[in-house]
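Asks: Quick one: this structure, given as structure tokens, is what I'll be asking you about.
Quick note: the coordinates plus some simple rules give every number you see, no bench work behind them. Since the model is a prediction, treat every value here as computed from it, not as a measurement. As a convention, Cβ positions derive from the backbone with ideal geometry for all residues, glycine included, and neighbour counts pool all protein chains shown.
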Amino acid sequence: MRLNSLIFITTLLVFSSANACFLSKDLIGNTDPTMNCEYYVKEFAERVSECIHWRGEDAYDSKRGNQIRKAVEKLRCDKVESDGKKLLQTNHGQTENQEVIKSVLQFWVNN
């Protein structure tokens, strides 16, 4: 599953464009005003890929369960959909970036 999600997201990122944008710190976690929208779209796509990976993992014991829980919390997987919607708003008018974000969100819902 992880390989499929990485291939899918990598393919999408090839088609995204570099445009300047500004994001609120709560959306991505750490923002850098010198980065462009393409960077933040890529970061979001990679985060979703990691969340899909962890959501498919088996908590076969309590130690593994804690490892999965911590990874999911660190990635803020429970905020993927709301963060994706915010990222869409931030990329308003940037069609290529919006298409990538929409595709990543759809992939999230379907996996």
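Asks: List the lysines whose Cα sits under 26 Å from the Cα of Lys42, skipping any in the same chain fewer than 8 residues away.
Replies: Answer for Lys42, where 26 Å is the Cα cut-off: Lys25, Lys70, Lys74, Lys79, Lys85, Lys86, Lys102, listed by chain and number.
Asks: Let me ask something else. Take Phe107, Phe44 and order them by how many other Cβ atoms sit within 10 Å, fewest up front. Each step should come with its number before you reach the end.
Replies: Values: Phe107 18, Phe44 24.
Starting with the residue having the fewest Cβ neighbours, the order is Phe107, Phe44.
Asks: Mind sorting Trp54, Trp108 by how few other Cβ atoms lie within 10 Å of their own Cβ, fewest first?
Replies: Numbers: Trp54 17, Trp108 20.
Lowest count first: Trp54, Trp108.
Asks: Report, in debye and to the nearest 20, how large the dipole of region 43-111 comes out about its Cα centre when Lys and Arg carry +1 and Asp and Glu carry -1 on their Cβ. Can you show the working numbers first?
Replies: On the way: 12 positive and 12 negative charges, 57 e Å.
My answer is approximately 280 debye.
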